[in-house]
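Step one of this worksheet: look at the structure below.
The values are calculated or read from the model by the stated rules, or taken from the named source; none is laboratory data. Quick caveat: nothing in here was measured; it's all calculated off a predicted structure. Note that each Cβ is placed from the backbone with ideal geometry, even for glycine, and that neighbours are counted across all protein chains shown. The accessibility values were calculated without ligands, DNA or RNA, using every heavy atom of the protein model including side chains. Shrake-Rupley method; radii C 1.70, N 1.55, O 1.52, S 1.80 Å.
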Amino acid sequence: MTGEVRYYDREVTLDGKKAATLSFCADESKGFSKDAETGKVSKTPVSKNSYVFYNSRLERNDAGTWQTTQIVSTRGAGQCQP
């Protein structure tokens, strides 16, 4: 990736002491794929799919570290559109 990705509308919900959900939106309209070998950037036009909703589950391990155990993304999600 190259460029800029903006994250916003984050929300955390605790589920007891050992689990939580984290959701947020990402504006990927200024972020692009870049070939590591050639350096060529693949620019794509901005569309509704440039905005992505992420929903993840985190669990706290025995050492107290929060780890992502599941993540689901929805490209073009209505709640993330400008």
query: Which of the lysines could be linked to K34 by a straight reach, that is with a Cα gap under 30 Å, when you skip same-chain ones fewer than 8 residues away?
result: K43, K48
- prompt: Tell me, what HN-Hα J-couplings in whole Hz come from the Karplus equation 6.51 cos²θ - 1.76 cosθ + 1.60 at θ = phi - 60° for each residue of the stretch 50-63, using x for Gly and Pro?
  reply: 6, 10, 10, 9, 10, 9, 10, 10, 10, 10, 8, 7, 5, 7
statement: Of every Cα-Cα pair in the chain, the percentage lying beyond 19 Å is 50
query: Farthest toward the dipole's positive end in the chain, which of S29, T74, N61, given Cβ charges of +1 (Lys, Arg) and -1 (Asp, Glu) about the Cα centre?
result: S29
query: Rounded to a whole number, what % of the accessible area of the chain do carbon and sulfur atoms account for, probe 1.4 Å?
result: 48
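Where the only charges are on Cβ atoms (+1 Lys, Arg; -1 Asp, Glu), what is the dipole of the chain about its Cα centre, to the nearest 20 debye?
100
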Solvent-accessible area per residue for the stretch 1-66 (1.4 angstrom probe, square angstrom): 74
